[in-house]
Structures are given as C-alpha cells and as structure tokens.
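Notes for the one structure printed next.
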Amino acid sequence: REKEIIYVPSFPAYPEMMAPEESEVDLRRLWQIIWDAKFFVGGVTLAATLVAVIVTSFLLKPTYRSDAVLLPTASDDSGIGVMAGLAKSLPLPINIPGSGKSNQIMSFLGSRNLRQRLIEKYDLLPRLYEDLWDAEKKAWKIADPRQQPTVIKALQSNIFAASYSVSQDNKTNLISISWVDEDPAFAALMLQRLIGELNYYLDNENESDAKREREFVATQLDKATKELEHWEKQVPNKEWTQGTIQRERLAAQAVYTELRKQLEIAKIAEAQELVRFKVLDSPFVPGKKYGPKTRQICTLTLAVSSILAIFVVLIKRWRVQE
C-alpha cells in the first residue's frame, strides 16, 4: 500500500517575525555608516548654512512691511423693516436692500482695476522692474520697445503679489492690507494711496442698486412735476372742459404724491446701502526689517543640507556594496 505524502509549504519570514536583535543590528549598522561619514555630513551642512547666512545677510536687500486694518461699517438694519412695510403699501412698491455690502471693498482691493490705477497714476513700473530701469538716464535698459515692461505685462505676471496683499477675517470682518518694499517710507505711502483710492471708488464709482433706484424715481418725479404744473396752468377752452382739467390735475397730483414718497424711501435705502469703512490701524513707517527671514532660511538650509548629505552617503555605500 502506498503511503500518502503530505507537503507542508514553507512561509518566508515576515518582518514582524524577525527577532528584535536583527532590527537593532540594522539600526546600529546604519548609524555606524553615518558616523563614519560625520566629517562629510558636517562639512556639507556647515558650508550650506554659511552660504545661506552670507546670502541673506549681505547679498539680499532688506525689505520692510507696513500694515493697515480697515473695519467696514455695517448698515443699520433697524429701520429696514419699517421702510419695507411702508414701501409695500405704495401702489408702486420699491425694493429695500439689506446690509452686508462690505464684500464690495474686498472686491475692489483685490481687483485688477486697482492695480492698474496704482501703476499708471503713481508710475510704479520703474520700481516694479528695478533691474531693468536705469535711474540715472531715466530710461529702460532694454532697447527693444517690444521687450520693455508695460502695464499689461505687469498685470498678467501678477508682479504685485510680492509687494501687496489683502485679506479679511471672517469672524471679525476686519480687512488687513499690507505693502512690502525696500523703502519703509514708500511702503507706508502706498497704503495711504490705497486707502485714498478706496475712498474715491466708494464715493464716486460704486453704483449700488439703491442708488440706481433713487435716480430712476427722481427722473420719474421730475416728469410728474412737469405734468402737474402743466395741468395747473390750464384753463377751460373748446378743447378742455373744467371737469376734464380737474380730473387730469387730480391724477397728476396723485402720481406726484406717490413718487415723492418713493423718493424719500429710496434716499433712506441708499443711505442704508452706502458702503463705508473706518481705519482702525493707520499705515505706519516700519522700523523693523521684514525680510529676508535669516533665521528661518538658515534653519531650513541646515536641515535640508544635512538630510541630503546623509542621503548621498547612503547611496554611495549602497553602490560600493553592489
């Protein structure tokens, strides 16, 4: 009778089944390799760190940052409900807008329109492209006009990102603007100019729904006034009887009265929707250097250079073993 043969598969040893002594030996070996190359690792790390210190301390120009904080003034909603009820009672009711228009400030501060204004109004191209500008000759170093910096090129390259930044805190609704420049006085000056441009925009260019509504009602009221004056001057004749004139005058009077009410409500609504802000922290001339951040750069350089040096040592040892 043949004997039944049973095959028992052999499984490879998994890492978790390895003895702790083997793992400890590998770590010791790895540490020994690094320790043997300690002078190479230390030399590379020291050299890279010294280069970072020299570059950040002597070659890179220091920059300064000026900040300002704006608080958008929210509309008062206490009278909006009363005005809305009054508006609904009119034959031709108007819409009463709500508050929360501070996003218009953020939209303008982050717009391309503002950046274009600043470049053109204050001639910022020579400062933005300082390396290409000859200050003594007051001309570009590039002879070809097609290669010279322009406003469009500056806007497309987003060169403002290195100098200008704006952000808003969603909890406090505070808007922070900052400007970074090599000249601390110029950094503060640019923030003052930014605030001035924002004021001009809100006063002269910001077209709100309430303002357009008020202008429309004012136009209609002017027409109704002329219509009422026309019928008040009429006298009975062959074409118009006294009764007809009286009816037309009363109708014109009713339209005029309702439009007067709507105009007053529209004026109040426009005042409610008006976007304004307060300067909580005015721009200042910074006295402390903002950049380059020597400590952070040197610390990062030290860590990265040491890791790269150790990696080179391990790769070299692995190739030798092969």
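The values are calculated or read from the model by the stated rules, or taken from the named source; none is laboratory data. Quantities reported herein were computed from a predicted structural model and do not represent experimental measurements. When we count neighbours, we look across all protein chains shown, and the Cβ atoms used for this are built from the backbone with ideal geometry, even at glycine. Side chains are part of the model used for accessible areas, which takes the heavy atoms of the whole protein and leaves out ligands, DNA and RNA. Shrake-Rupley method; radii C 1.70, N 1.55, O 1.52, S 1.80 Å.
Quick check on the range 220-322: what are the equivalent-ellipsoid semi-axes from the Cα gyration tensor, as sqrt(5λ), descending, whole Å?
89, 21, 10
For Val312 and Asp123 in the same chain, what is the full-extension length gain: residue separation times 0.36 nm, less their Cα-Cα distance, in nm?
Gain on stretching Val312 to Asp123: 63.0 nm.
With r defined as the distance between the Cβ atoms of Lys171 and Glu229 and R0 fixed at 45 Å, what FRET efficiency is calculated, to the nearest 0.05?
After rounding to 0.05, the efficiency reads 0.20.
Considering only protein heavy atoms and a 1.4 Å probe, what is the carbon-and-sulfur percentage of the accessible area of the range 110-186?
48
Give me the percent of the accessible area of the range 187-322 that comes from carbon and sulfur atoms, probe 1.4 Å, all protein chains in place.
Answer for the range 187-322: carbon and sulfur cover 57 percent of the accessible area.
How far apart, in nm, are the 7 Å Cα→Cβ label points at Ile142 and Asp26?
Using points 7 Å along Cα→Cβ, the separation is 5.6 nm.
Going out from 0 in 5 Å bins, what whole percent of all Cα-Cα distances in the range 116-169 drops into each bin?
Percent of Cα pairs in each bin: 4, 17, 27, 25, 15, 6, 3, 2, 1, 0.
So for the pair Asp36, Gln116, with labels modelled 7 Å out along Cα→Cβ, what separation do we get in nm?
Using points 7 Å along Cα→Cβ, the separation is 6.7 nm.
Over 20 Å apart: what share of the alpha carbon pairs of the range 163-273 falls there, rounded to a whole percent?
In whole percent, the share of Cα-Cα pairs in the range 163-273 beyond 20 Å is 66.
Per residue, how large is the accessible surface of the range 111-225? Use a 1.4 angstrom probe and give square angstrom.
That works out to 59 Å² per residue.
Using amide H atoms built 1.01 Å from N in the peptide plane, name the residues 5+ places from Thr73, or on other chains, whose amide H lies under 5 Å from its own.
Under 5 Å from the amide H of Thr73 lie the amide H atoms of Arg276, Phe277, Lys278, each far enough along the sequence or on another chain.
At Leu302 and Glu182, where each label point lies 7 Å from the Cα along Cα→Cβ, what is the point-to-point distance in nanometres?
3.0
In the range 111-237, how does Rg compare with the Kirkwood Rh, expressed as the Rg/Rh ratio over alpha carbon atoms? Mind dumping the intermediate values first?
On the way: Rg = 24.7 Å, Rh = 19.1 Å.
That ratio equals 1.29.
In nm, what is the difference between 0.36 nm times the number of residues separating Gln246 and Arg319 and their Cα-Cα distance?
15.3 nm
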